């Protein structure tokens, strides 16, 4: 039986391209949960939004989080809804909105 190919969302692909342009930080979660490790890293390092955090949970799993002005979000949610985040808009688009 042939497997059907999974449809790739254009909106999510566009969001992924936008997230590739912002600073990325890779950290290890250690004994903390991944989101707790990400919050501690942001607090200790004083990272300014926007930023993408790649938190290694174990040797097989890496969680992705987006640090925005409004808080910490899952990267997949941000990819699909990138238009909701003002810090991800291109500078020329922000100038036209004013």
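The values are calculated or read from the model by the stated rules, or taken from the named source; none is laboratory data. As the structure is a prediction and not an experimental result, all values here were calculated from the model. Ideal geometry is used to build each Cβ from the backbone, glycine not excepted, and the neighbour counts take in all protein chains shown.
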Practice prompt. Could you please find all residues in the range 12-46 being modelled with pLDDT under 95, surrounded by 12 or more Cβ atoms within 10 Å (Cβ to Cβ) and assigned to a helix (DSSP H, G or I)?
Written response: 12, 14, 15, 16, 18, 19
Response to the item:
Filtering the range 49-81 down to residues that are touching a strand residue (DSSP E or B) at 6+ places or on another chain (Cβ under 8 Å), part of a helix (DSSP H, G or I) and surrounded by 19 or more Cβ atoms within 10 Å (Cβ to Cβ) yields 78
Practice prompt. Identify, by number, the condition in (1) surrounded by 11 or more Cβ atoms within 10 Å (Cβ to Cβ); (2) more than 17 Å from residue 85 (Cα to Cα) that residue 8 doesn't meet.
Written response: (1)
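This table checks each residue for (1) within 24 Å of residue 8 (Cα to Cα); (2) free of Cβ contacts under 8 Å to residues at least 24 places away in the same chain; (3) within 13 Å of the chain's Cα centre (by Cα).
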{"residue": "50", "(1), (2), (3)": "no, no, yes"}
{"residue": "53", "(1), (2), (3)": "yes, no, yes"}
{"residue": "61", "(1), (2), (3)": "yes, yes, no"}
{"residue": "68", "(1), (2), (3)": "no, yes, yes"}
{"residue": "72", "(1), (2), (3)": "no, no, yes"}
{"residue": "82", "(1), (2), (3)": "yes, no, yes"}
Worksheet item: What is the one condition in (1) at pLDDT 90 or above; (2) in contact with a strand residue (DSSP E or B) (Cβ under 9 Å, 6 or more places away or on another chain) that residue 84 does not satisfy?
Response: (2)
